[in-house]
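Q: Quick one: the structure is below, and I'll ask about it shortly.
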Amino acid sequence: MTDVPVYIVDGARTPFLRARGEPGPFTPVDLAVQCGRPLLLRQPVAPEDFDLVTLGCVNVIADEMNPARVAALRLGMGPGIVAFTEQINCGSGMLTVDTGARRIREGRADLVLAGGTEALSHSPLVFRQEAVEWFAGLQKADGMGDRLRKAAELRPEFFKPVIGLERGLTDPISELNMGQTAEVLAYRFGISREAADAYALESHQRLAAAQEEGRLNEIAPAYDRDGGFHDHDDGVRPDTSLEKLAGLKPAFEKPFGKVTPGNSSQITDGACWLVLASEAAVERHGLTPIAAIRDAEWSALDPSVMGLGPTLCVTEMLKRRGMGEAEVDLWEINEAFAAQVLACLAAWEDAEYCRDVLGLDEPFGTVPRERLNVDGGAVAIGHPVGTSGARIVLHLAQEMARRGSNRGVATECIGGGQGGAMLLEAA
Ligand SMILES: CC(=O)SCCNC(=O)CCNC(=O)[C@H](O)C(C)(C)COP(=O)(O)OP(=O)(O)OC[C@H]1O[C@@H](n2cnc3c(N)ncnc32)[C@H](O)[C@@H]1OP(=O)(O)O
């Protein structure tokens, strides 16, 4: 079944915009519409010709419940379009691509719009439990006396804000936030602060070079309601250096932690869509495939080491295809944290880990940095969590086509202790 061809024929994303401590210019649906509109306009098919819309989004806002459907309607795809939102934390944007590909393989769809959207700057402030209970009590109060008694119980500390994003980036089972899980991996695989900073520096340098050389043509520039124009990933720091990175304090484990604001993924807003097509749709509409989706895999592990998720799903996926590292020309590993990516690379070189955890007779091998995240990753570009999986698949497809590569793997770790991977082949 996985050999029925499914093609990525086009895609677009917004610039990724760094969250700056206040709601950004776009909501999740705004973002999805911003890049979806130019993408649909350039297709040789009408928006109504799509069979399915599936969109990843972790932080859905109350005005946009089921953002997939709201976005599809705002994109003029017609009332008859089926559209659903998928959520598997940081894997959401890749899950939708897998869902779309499976629908096409099953013969249940010919054209699918799949992607992710996330406006982390719009993450809600959450009321403390005491405040929630007080409001509930006030609503239930019977008569003026009861209401006044309840009102007198109000305490100013009820309104001390709880930032939903901070809560959302903390695993409820291990009670570690995502940065702490990266610290666990840095300790386990001996990733030094210097190595994490050097990796982070390279991520910024690669993104800056890709911007300079105009290689990020997946970006659809966007105007916001105030006339602001956004045309590039604004988290890039072309002027950063090892010295500047070394000067930053640990963000999650003070004072000795290795994970800092400089070597973590950035908190960002952004959306990305891919157009997926069956072979019949490609022929019928004269579409030009960029790459074929060959396979995908999802794995789960202890939430406190969630960053190792890619090692499990990639190994499983390549094992069943009879492939190893040498057969992969290009890699995208989502940079949740520099130390987390480096830990995955170290784990794949570690004979004991490969034997005991991955069931391999020999180490998986070395993923060379020259073939990994060639245009930078989430440390520089940012990580709108529900979107990043779609971004890395789209960018991998485009870069494979540009280089004439045969095979590429996109993979990501997932908060809560999971991992997702996708195998692309030349179209
Ligand atoms: C499954 C998964 O994918 S898990 C991953 C999910 N995502 C996450 O967990 C998000 C991880 N990232 C974070 O939580 C945040 O980015 C944090 C907490 C690490 C940092 O947040 P902030 O403190 O708001 O970062 P901010 O961008 O303001 O940087 C802090 C300081 O470092 C500086 N800095 C950051 N990066 C660099 C750099 N590359 N070079 C030089 N200075 C830098 C900033 O200029 C800033 O300095 P200032 O305070 O003098 O202005």
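Q: Going by the conditions given, is Ala390 of a type in the set (A, V, I, L, M), within 21 Å of Arg321 (Cβ to Cβ) and in contact (Cβ under 8 Å) with a residue 24 or more places away in the chain?
A: no
Q: I've got another one for you. Please name all residue pairs, on different chains or six or more residues apart, with Cβ atoms under 9 Å, provided the first residue is in segment 314-337 and is over 19 Å from Leu394 (Cβ atoms) and the second residue is part of a helix (DSSP H, G or I) and open to solvent by 10 Å² or more (accessible area, probe 1.4 Å).
A: Pairs found: Leu318/Glu325; Leu318/Glu327; Arg321/Glu327; Phe337/Met178; Phe337/Glu183.
Q: Here's a follow-up. Could you say whether any residue in segment 256-267 is within 19 Å of Ala208 (Cα to Cα), part of a strand (DSSP E or B) and in contact with a strand residue (DSSP E or B) (Cβ under 7 Å, 6 or more places away or on another chain)?
A: yes
Q: Considering only segment 8-28, how many residues are part of a strand (DSSP E or B), out of contact with any Phe, Trp or Tyr (no Cβ under 7 Å at 6 or more places or on another chain), of a type outside the set (A, V, I, L, M, F, W, C) and buried (at least 24 other Cβ atoms within 10 Å of the Cβ)?
A: So the count comes out to 1.
Q: I'm trying to understand the selection: among the residues of segment 168-182, which are surrounded by 13 or more Cβ atoms within 10 Å (Cβ to Cβ) and out of contact with any Pro (no Cβ under 8 Å at 6 or more places or on another chain)?
A: Scanning segment 168-182 gives Gly168, Leu169, Thr170, Asn177, Met178, Gly179, Gln180, Ala182.
Q: For the structure I just gave you, tell me whether Leu31 is touching a residue at least 12 places away in the same chain (Cβ under 8 Å), part of a helix (DSSP H, G or I), open to solvent by less than 40 Å² (accessible area, probe 1.4 Å) and of a type in the set (A, V, I, L, M, F, W, C).
A: Here the answer is yes, as Leu31 does meet what is asked.
Q: In segment 315-339, which residues are within 13 Å of the ligand (Cβ to nearest atom) and of a type in the set (Gly, Ala, Ser)?
A: Ala336, Ala338, Ala339
Q: Next question. Quick test for you: out of Gly80, Gly107, Gly116, pick the one residue that is more than 16 Å from the ligand (Cβ to nearest atom), modelled with pLDDT of 90 or more and open to solvent by less than 70 Å² (accessible area, probe 1.4 Å).
A: After applying the criteria, what remains is Gly107.
Q: Separate question: Step by step: first the residues of segment 173-207, then only those that are touching a residue at least 12 places away in the same chain (Cβ under 8 Å) and in a loop (DSSP other than H, G, I, E, B), then the one that is nearest to the chain's Cα centre (by Cα). Which residue is that?
A: Only one residue fits best here, namely Leu176.
Q: Restricting to segment 73-106, what's the tally of residues that are in contact with a Ser or Thr (Cβ under 7 Å, 6 or more places away or on another chain), under 26 Å from Val409 (Cβ atoms), not in a helix (DSSP H, G or I) and not charged (D, E, K, R)?
A: 1
Q: Taking segment 9-35, which residues are within 16 Å of the ligand (Cβ to nearest atom), within 17 Å of Gln211 (Cβ to Cβ) and in contact with a helix residue (DSSP H, G or I) (Cβ under 7 Å, 6 or more places away or on another chain)?
A: Result: Phe16, single match.
Q: Just to be sure, is Leu242 without any contact (Cβ under 8 Å) to a residue 60 or more places away in the chain, in contact with a helix residue (DSSP H, G or I) (Cβ under 8 Å, 6 or more places away or on another chain), within 13 Å of the ligand (Cβ to nearest atom) and open to solvent by 40 Å² or more (accessible area, probe 1.4 Å)?
A: yes
Q: If you go through segment 269-287 one residue at a time, do you hit one that is open to solvent by 60 Å² or more (accessible area, probe 1.4 Å), in contact with a helix residue (DSSP H, G or I) (Cβ under 9 Å, 6 or more places away or on another chain), in a loop (DSSP other than H, G, I, E, B) and more than 10 Å from the ligand (Cβ to nearest atom)?
A: no
Q: Is there a residue being surrounded by 18 or more Cβ atoms within 10 Å (Cβ to Cβ) and either within 24 Å of the chain's Cα centre (by Cα) or closer than 30 Å to Ala300 by Cβ (or both) anywhere in segment 149-165?
A: The answer is yes; a qualifying residue exists.
Q: Now, a different point. Looking at Leu345, Leu312, which is the one that is more than 15 Å from the ligand (Cβ to nearest atom), modelled with pLDDT of 95 or more and crowded, with 17+ Cβ neighbours inside 10 Å?
A: From the options Leu345, Leu312, the qualifying one is Leu345.
Every residue, every condition in (1) farther than 17 Å from Gly309 by Cα; (2) at pLDDT 95 or above; (3) more than 16 Å from the ligand (Cβ to nearest atom), yes or no:
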{"residue": "Val341", "(1), (2), (3)": "no, yes, no"}
{"residue": "Tyr353", "(1), (2), (3)": "no, yes, yes"}
{"residue": "Ser388", "(1), (2), (3)": "no, yes, no"}
{"residue": "Leu394", "(1), (2), (3)": "yes, yes, yes"}
{"residue": "Ala397", "(1), (2), (3)": "yes, yes, yes"}
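The values are calculated or read from the model by the stated rules, or taken from the named source; none is laboratory data. Not measured: the values here are computed from a predicted model. Counting neighbours? That spans all protein chains shown, and the Cβs are built from the backbone with ideal geometry, glycine included. Calculation scope for accessible area: heavy atoms of the full protein, side chains included, ligands and nucleic acids excluded. Shrake-Rupley method; radii C 1.70, N 1.55, O 1.52, S 1.80 Å.
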